[in-house]
Amino acid sequence: MAQIEVTTEGAVMVVTLNRPKRFNAMTLTMFALLADVWQEVSDNDDIRCAILTGAEGNFCSGMDLRAMAGDVDEVDSIDVPKRMQEDPGFIYRGLLKTYQPTKPIICAVEGVAIAGGTEILQGTDIRVAGESARFGVSEARWSLYPMGGSAVRLRRQIPYAAAAEILLTGRHLQAQEAKDLGLINHVVPDGGAIDKAMEIAAMIAA
């Protein structure tokens, strides 16, 4: 099973994080595949908009710390050590920290968007979430630093005091609070995020 699934509908590319057994937690393989996808979004003149979403009712639970400790549940589809040696910047390009495609990205969130899930969301342009979706930059809970850029991006995208509280406490936000703060654009009934994202993408592509 591919960790990233890519489909196209007309001029819209749909990019799906596809590790549902681990709530679509991120791996180095996933970052490499995402980096390549974002470059394709820029290079392909037939693509006018991209949607980033997650498989089977969740967006992304952040970095797969179990996999980093050796507890993997699939075989890597690429040679990660070789990619690291040849192209060490792929991680942050995949995470939309150091690279932005030339086409807009819409984020469609269901379920959890925690840690790296909220970090990559901040690299997208328009954001839609199911009403029970949860957001948070939880690295402080594990004495980690949010390497995806939230220490800079979050305070630029929502009020400073709210960003400081989220970063320093690691607390989670429900979708409506995230919308009220300006972190996301739309809250829709659960299961409807991808449909709303497709609706917006179609308008952009037209």
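The values are calculated or read from the model by the stated rules, or taken from the named source; none is laboratory data. What you are looking at is a predicted structure, and each value in this text was computed from that prediction instead of being measured. Neighbour counts are summed over all protein chains in view; Cβ atoms, including those assigned to glycine, are modelled from backbone coordinates with ideal geometry. Side chains are part of the model used for accessible areas, which takes the heavy atoms of the whole protein and leaves out ligands, DNA and RNA. Shrake-Rupley method; radii C 1.70, N 1.55, O 1.52, S 1.80 Å.
What the table below lists for this structure:
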item	result
Leading residue by the ranking (modelled with the lowest pLDDT) among those in segment 1-17 that are surrounded by fewer than 19 Cβ atoms within 10 Å (Cβ to Cβ) and of a type outside the set (Asp, Glu)	1
Matching option when the condition is over 19 Å from residue 104 (Cα atoms), touching a residue at least 24 places away in the same chain (Cβ under 8 Å) and in contact with a Ser or Thr (Cβ under 8 Å, 6 or more places away or on another chain), among 197, 193, 175, 133	175
Residues of segment 170-204 satisfying the condition of being of a type in the set (Asp, Glu) and over 18 Å from residue 57 (Cβ atoms)	177, 180, 199
Segment 30-39, residues that are free of Cβ contacts under 8 Å to residues at least 60 places away in the same chain and either among the small types (Gly, Ala, Ser) or closer than 21 Å to residue 200 by Cβ (or both)	37
Odd one out for residue 187, checked against (1) at positive phi; (2) touching a Lys or Arg at 6+ places or on another chain (Cβ under 6 Å)	(1)
Qualifying residue in segment 45-59 (condition: under 24 Å from residue 137 (Cα atoms), of a type in the set (Phe, Trp, Tyr), touching a Ser or Thr at 6+ places or on another chain (Cβ under 8 Å) and open to solvent by less than 20 Å² (accessible area, probe 1.4 Å))	yes
Only one of 113, 151 that is among the aliphatic types (A, V, I, L, M) and over 12 Å from the mean Cα position of the chain (by Cα)	151
Subset of segment 13-54 (residues that are over 15 Å from the mean Cα position of the chain (by Cα), under 11 Å from residue 103 (Cβ atoms) and not in a strand (DSSP E or B))	40, 41, 42, 43, 44, 45, 46, 47, 48
Qualifying residue in segment 63-70 (condition: closer than 24 Å to residue 172 by Cα and not aliphatic (A, V, I, L, M))	yes
Near pairs, Cβ below 8 angstrom, 6+ apart or cross-chain, from segment 79-98 (farther than 11 Å from residue 36 by Cα) to any residue that is open to solvent by less than 40 Å² (accessible area, probe 1.4 Å) and modelled with pLDDT under 95	80/29
Which listed residue is buried (at least 23 other Cβ atoms within 10 Å of the Cβ), touching a helix residue (DSSP H, G or I) at 6+ places or on another chain (Cβ under 9 Å) and under 17 Å from residue 88 (Cα atoms), from 34, 28	34
Selection count where residues are assigned to a helix (DSSP H, G or I), surrounded by fewer than 17 Cβ atoms within 10 Å (Cβ to Cβ) and not polar (S, T, N, Q), scope segment 135-187	14
Leading residue by the ranking (surrounded by the fewest Cβ atoms within 10 Å (Cβ to Cβ)) among those in segment 188-206 that are among the charged types (D, E, K, R) and assigned to a helix (DSSP H, G or I)	195
The lone exception for residue 42 - which of (1) surrounded by fewer than 17 Cβ atoms within 10 Å (Cβ to Cβ); (2) at pLDDT below 95; (3) hydroxyl-bearing (Ser, Thr, Tyr) it fails	(2)
